[in-house]
Amino acid sequence: MESWMDNRTELEGNVIAILLDKEEYPSKVGNVAAISDRQILYLKRDRHELVNFRYEFFDMDNCKAIEYKDEMVYYRVVVAVLSLILTAVLLFMLLTGLDGGSKDVTPFIIGPIATTTFFIRFFTSTHRHVLNFEMPDQVLSWRSPAIDYKSKAEAAHAVREFARERGILREGSS
């Protein structure tokens with residue numbers, strides 16, 4: 001059995017962008033990992049294997065189009081709104097007092113702080129970069145995690161510029 005570390009890992013040509021760090025590979029199987037001016041490095045799951053994957057290289061000359069989308073991640077907006085509502089409820093309960101029940105207010109102080117943290121974290125990361133590489137017989141894709149939107153922006157921009165220079169860029173709607 002061949003493990004993913006035994007495969008050839010070097011792209012031919014000048015590297016345009018590294019889309020995934022090596023640590024991300026096991027959790028991002030089925031995504032494009034990097035592109036050069038000559039090749040696309042794709043992480044493909046080994047047949048009948050849950051953990052192992054292999055590198056698959058595609059010739060950049062066969063790429064018909066590269067589509068870029070700035071996509072909204074709606075579930076993060078829903079979580080942010082729900083955490084904001086929960087914060088408001090907990091603050092209301094704290095401000096109106098705890099009549100009758102327990103006199104321990106610690107959960108009512110920690111609760112709004114925690115839910116506000118969720119609100120800020122989820123509401124400030126609601127977009128992600130999406131790149132689709134149209135090949136003759138399939139479409140290869142890469143999606144940045146919403147939490148890494150800013151840190152992956154440079155790589156996504158480099159791929160867009162490369163595609164624009166080659167005349168194969170297609171801007172998608174979000």
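No value in this document is a laboratory result; all are computed from the given coordinates. A quick note: this is a predicted structure, and the numbers were derived from the prediction, not measured. Please note: Cβ atoms are built from the backbone with ideal geometry, for glycine as well, and neighbour counts cover all protein chains shown.
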message = Sort 131, 90, 169 by Cβ crowding within 10 Å, fewest neighbours at the top.
response = 169, 90, 131
query = For 21, 46, what ranking results if the residue with the fewest other Cβ atoms within 10 Å of its Cβ goes first?
reply = 21, 46
inquiry  = To make sure I understand, if each residue's beta carbon is the centre and we count other beta carbons within 10 Å, what order do 129, 157 fall in, fewest to most?
reply    = 157, 129
